[in-house]
Amino acid sequence: MISTPDRPDDDRPAAAATSAERTWSDPGQIVRAILREDPIYSASEVADESGISLDQARRLWRALGFPEADGNAVYTASDAGALRALGTSIESGLLDFDLAVAITRALGQTMARLADWEVGALTHRVDEMHHAGPAPGDRVDTALRMLDDLSDGFESLMVYAWRRHLAAAVSRIMALDPDDDLNTTELTVGFADIVSFTALSNDLSRQRIGDLVELFESRCADVVAGQRGRVIKSIGDSVLFVNDDPIRAYDTAEGIINVIGRDSRMPDVRLGLATGGVVMRLGDVFGPPVNMAARLTAVARRNRIIVDAAMAALLPADQFETRRLPARPVRGFGLVEPVAVRRH
């Protein structure tokens, strides 16, 4: 299992701790520093300013993941500008309103997770800096300096990464047959699942379980990228990935076992793979192969790979040894004969 050193007790003078706590209790200081502007509009005012209806503004704001605040001045000029840009795209016919809401929701969910991750990492770093030795100012001062130093560069990095991923997504679409349904494609779907995660969660401290999940996700992501696949999502104790090449998908599964299951500091993992047609929508994938891959993780032994019959049929016999396992009931599929696979 992962081990992390215990943090020393906070032995700062009581006055310093009280000052930091008092500053943290007023979030307005940091919020203004991040937004770089003050809120000046109510909901109705921001709708008027952006040229869309109040109902549309509310739906788009909720799609971003924020609660409504009727009557209070909580919206900035940038909020109005963002809604105005969406309104212009809708009015031009480039987007219909439902598509605008769907894209906005996907963006909001992605940015919310990124923001939570970034704040968690920065908070951990701020604590490390204060425990390492005297630091000028309190925790809030340190956090504000870090945000100020990182903000512009990180914004540029986000735009760069978005353009890179946009180019890759367009390339995948262009590689499809023009007569095919652009939302449906043949892929191998993989699920990597930590064994006995619930028991681990009960035994480890919150800090250690957080470190474990982060290391699990990062190692899986590195292996998936190395085999030209894509991580679709991670859900704490499991990672869902796809690859358009079943052999590369197998190599991904084997690689995850090597960097997770065969590391004595990490828990064991189980891998399920299934091949077939999936629907791709707003960054997610749906269809029987997704469900089958998830179900197969319950069948796989520790640090083993189990595949469905469709994938097994695509693996070259001169490279892989396949062995059908006894049929067993799989929820949603009836009786299924999983296939154990290994390279010669």
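The values are calculated or read from the model by the stated rules, or taken from the named source; none is laboratory data. Note that the structure is predicted; figures quoted are calculated from it, not measured. So basically every Cβ, Gly included, is an ideal-geometry build from the backbone, and we count neighbours across all protein chains shown. The accessibility values were calculated without ligands, DNA or RNA, using every heavy atom of the protein model including side chains. Shrake-Rupley method; radii C 1.70, N 1.55, O 1.52, S 1.80 Å.
Sequence-distant or interchain residues sharing an amide H contact under 5 Å with Thr184, placed H: which?
Answer set, sorted by chain and number: Met280.
For Leu95, which sequence-distant residues (separation of 5 or more, or a different chain) have an amide H within less than 5 Å of its own amide H, given hydrogens modelled in the peptide plane?
So Leu95 has HN proximity to Ile90.
Compute the separation of the alpha-carbon centres of segment 57-116 and segment 269-344 and state it in Å as a whole number.
39 Å
Taking 7 Å along the Cα-to-C-beta vector as the label spot, tell me the Arg265-Ala102 distance in nanometres, rounded to one decimal.
4.4 nm
Kirkwood hydrodynamic radius for segment 284-344: how many Å is it when counted over pairs of different Cα atoms?
12.2 Å
Sorted by mean Cβ packing within 10 Å, highest first, what order do the peptides 33-46, 89-102, 314-327, 252-265 take?
Descending mean neighbour count gives 252-265, 33-46, 89-102, 314-327.
Rolling a 1.4 angstrom probe over the protein heavy atoms, how many square angstrom per residue are accessible across segment 164-313?
Heavy-atom SASA per residue in segment 164-313 reads 49 Å².
What label, among (1) -0.31, -0.82, -1.16; (2) -0.55, -0.85, -1.04; (3) -0.27, -0.71, -1.09, belongs to log10 I(q)/I(0) by the Debye sum over Cα atoms at q = 0.06, 0.10, 0.13 Å⁻¹ computed from the structure on display?
Calculated log10 I(q)/I(0) by the Debye sum over Cα atoms at q = 0.06, 0.10, 0.13 Å⁻¹: the matching label is (1).
Say R0 is 25 Å: what FRET efficiency, to the nearest 0.05, do Asp222 and Ser171 get from their beta-carbon distance?
My answer for the efficiency is 0.70.
Once amide H atoms are built 1.01 Å from N in the peptide plane, which residues 5 or more positions from Tyr75, or in another chain, come under 5 Å H to H?
Counting only residues 5 or more places away or on other chains, the set is Ile40, Tyr41.
Please find the FRET efficiency linking Thr88 to Glu254, where r is the Cβ-Cβ separation and R0 is fixed at 41 Å, and quote it to the nearest 0.05.
About 0.25, to the nearest 0.05.
Any chance you could run the full-extension gain for Ser196 through Asp149? It's 0.36 nm times the residue separation minus the Cα-Cα distance, nm to one decimal.
12.8 nm
Determine the percent antiparallel among the DSSP beta bridges restricted to the chain, to the nearest 5.
The antiparallel fraction comes to roughly 90 percent.
Round to a whole number: what % of the accessible area of segment 195-312 belongs to carbon and sulfur, probe 1.4 Å?
C and S fraction of accessible area: 47 percent.
With the Cα gyration tensor of segment 216-275 giving a ≥ b ≥ c as the square roots of its eigenvalues, does the rule (a/c under 1.5 for rounded; else a/b larger than b/c for prolate; else oblate) give rounded, prolate or oblate?
Here segment 216-275 falls in the prolate category.
Give me the distance in nm between label points sitting 7 Å out from Cα along the Cα-to-Cβ direction at Arg301 and Phe286, one decimal.
Rounded to a tenth, the inter-label distance reads 3.7 nm.
Pick out the long, greasy-scoring helices in the chain: whole DSSP H runs spanning 24 Å or more along their own axis by Cα, mean Kyte-Doolittle at least -0.5.
For the chain, where a helix must reach 24 Å along its axis and average at least -0.5, the hits are 97-132, 139-174, 206-226.
Relative contact order of segment 210-344: what whole-number percent is it, with Cα pairs under 8 angstrom and at least 6 residues apart?
Relative CO of segment 210-344 lands at 17 percent.
Please list, in order along segment 230-236, the HN-Hα scalar couplings obtained from phi with the Karplus expression 6.51 cos²θ - 1.76 cosθ + 1.60 (θ = phi - 60°), rounded to whole Hz, x for Gly and Pro.
9, 7, 7, 6, 10, 10, x
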